[in-house]
Amino acid sequence: MTRSAVRARTRPTVGQRLLGGFGETLITLGIILLLFVGWELWWTNIDADRAQTQVTSEFVQGLQVGPGDGTSAPEKDFGPAPITEIPDGETFGVFYIPRFGSNFAHPVTNGVGMDVLNNVGIGHYPDTQEPGELGNFAVAAHRQTHGQVFWNIDKFQAGDKIYLQTRKGFYTYEWRDTEIVHPSQGEVLLPVPHDPGAKPTTSMLTMTSCHPPFTTRMRIIAYAELESWRPADAGPPAEIADLVKKTMEK
Amino acid sequence: MYAWIFRTLPGPLWFRIILALALVAGVVLLLMNYVFPWLSQYSPWTESTIGLMLL
C-alpha cells in the first residue's frame, strides 16, 4: 500500500474534524485557565515583590536616619509622636513586621485602589487618620496574590510589634487584637472602631485583608496601638536596626 | 487546528519545532502581559479592602 493510499483511507470526515477542533479548543481553554491560576497565585507575587523592593529602596534612600544607639523602642521617651502628613497618592512609609518574616519591609502608599494594592502592596485608606494622629491609621493589603503582603495577618501574638518608618521617624505599634468581619463593615475604620461619634484617645493602626485565604467572603482586621516613637535622627529601634540598615543599602 | 498550524509552518522539521515553540511563548507572553491583568479584576482573590461608604 502506498503512503497516499493510507492517507486517503484515514482522512477524517468533516464531522470528525469539527469534533476534533472543538476538543482542541476545550483543551486550549483548560490550559489557559491553569496558566491564569499560576499567573495570579505565583507570578503576580514575583512581579509585585520586585516592584515593592524597588519602591522601598527608593523611598528609604531619600531619608535621613541616625545610626541608632542599640536601645529598643520603648526604652527612651522622645515625647508624643508627631503626625506624618500623607501627600496624595504618594509612598510615605515602610512597614517592618517581624511576625510576617525577618526580612519583611514593605512600602505603604496613600490610596486603596487596585493600582496601589496590586503594584506597591500596602495602601492607606485616605479618609482615615495619619500616623501619629489620634484616631485610626488604617491600611489594606492583599492576603494572597500580588505580593501577598498580609498573608500572615492571622498569626499575630500578644506583644507583637509593628514598626512604621516615615520621614519623621519610627512609630512602634503593638498588636492588640484581631477580628473577622463582613466586607461591608466599614465601621472598623472609624477613629474609634465600631463606635461612631466617639472621641479617640489613642493612635491606632488598623490592618485589613481578606479572609479566609483564597476567598473574599470576609475581612480579617488586626488592631494595634501606638506604643512609642523615635525621631529619625535617633535611629531605628534595636529590634529592627539590622533590617532597616539592610533595606537602606539595597 | 494545531496540526494545520504545524503543517503550514515553513522549513524543515527542526525549524518548525522551534517556530512552534516560539509561537507558544509569544501567546503565553501576550496572555501574561495583557489578558491576565485584565481578567484579574474578576478574580475572587484580589479584594482586601473594606466598605468605604461609611467614611
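Please treat every number below as a calculation from the coordinates, not as lab data. Quick caveat, the model's predicted, so the values are computed rather than measured. FYI the Cβ positions are ideal-geometry reconstructions off the backbone, even for glycines, and counts take in every protein chain you see.
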Loop only per DSSP, at most 16 neighbouring Cβ atoms within 10 Å: give me the trypsin sites (Lys or Arg not before Pro) in the range A:1-94, ordered by residue number.
A:K76
Within the set of other residues whose C-beta is less than 14 Å from the C-beta of A:F92, count the net charge using Lys and Arg as +1 and Asp and Glu as -1.
-4
At 30 Å minimum axial length over the Cα atoms and a Kyte-Doolittle cut of -1.0, report the qualifying DSSP H helices in chain A, or say none.
A:14-38
Rounded to the nearest 20 Debye, what is the dipole magnitude of the protein assembly as shown about its Cα centre when Lys and Arg each give +1 and Asp and Glu each give -1 at the C-beta?
2440 debye
Could you count how many Lys pairs in chain A have their Cα atoms under 29 Å apart, skipping same-chain pairs fewer than 8 positions apart?
19
Just to be sure I understand the model, the point goes 7 Å from the Cα along the line to the Cβ. What's the resulting A:V14 to A:N103 distance in nm?
6.2 nm
Inter-chain shielding metric for A:13-22, i.e. average beta-carbon neighbours from other chains within 10 angstrom, reads 1
Can you order the peptides A:24-35, A:77-88, A:232-243 by their average number of other Cβ atoms within 10 Å per residue, highest first?
A:232-243, A:77-88, A:24-35
Tensor-based shape of the range A:110-186 (alpha-carbon gyration tensor, a/c under 1.5 rounded, otherwise prolate or oblate):
rounded
Just want to confirm a number: the relative contact order over the range A:175-250, from Cα pairs under 8 angstrom separated by 6+ residues, in percent.
31 percent
Radius of gyration and Dmax for the protein assembly as shown's Cα atoms, expressed in Å?
26.1, 97
Only Cα pairs under 8 Å and at least 6 apart count here; give the relative contact order of chain A as a rounded whole percent.
22 percent
Nearest 5 percent is fine: what portion of the DSSP beta bridges confined to the range A:82-216 is antiparallel?
60 percent
Taking each residue of B:31-40 in turn, how many C-beta atoms of other protein chains fall within 10 Å of its C-beta, and what is the average?
4
For the range A:127-188 and the range A:64-99, what is the centre-to-centre distance using only Cα atoms, to the nearest Å?
15 Å
What percent do you get for the relative contact order of the range A:84-221 when only Cα pairs under 8 Å and 6+ apart count?
23 percent
What is the antiparallel percent of DSSP beta bridges lying wholly in the protein assembly as shown, to the nearest 5?
80 percent
Work from the charge dipole of the protein assembly as shown (Cβ charges, +1 for Lys and Arg, -1 for Asp and Glu, about the Cα centre) and give the residue of A:T206, A:P191, A:M114 farthest towards its positive end.
A:M114
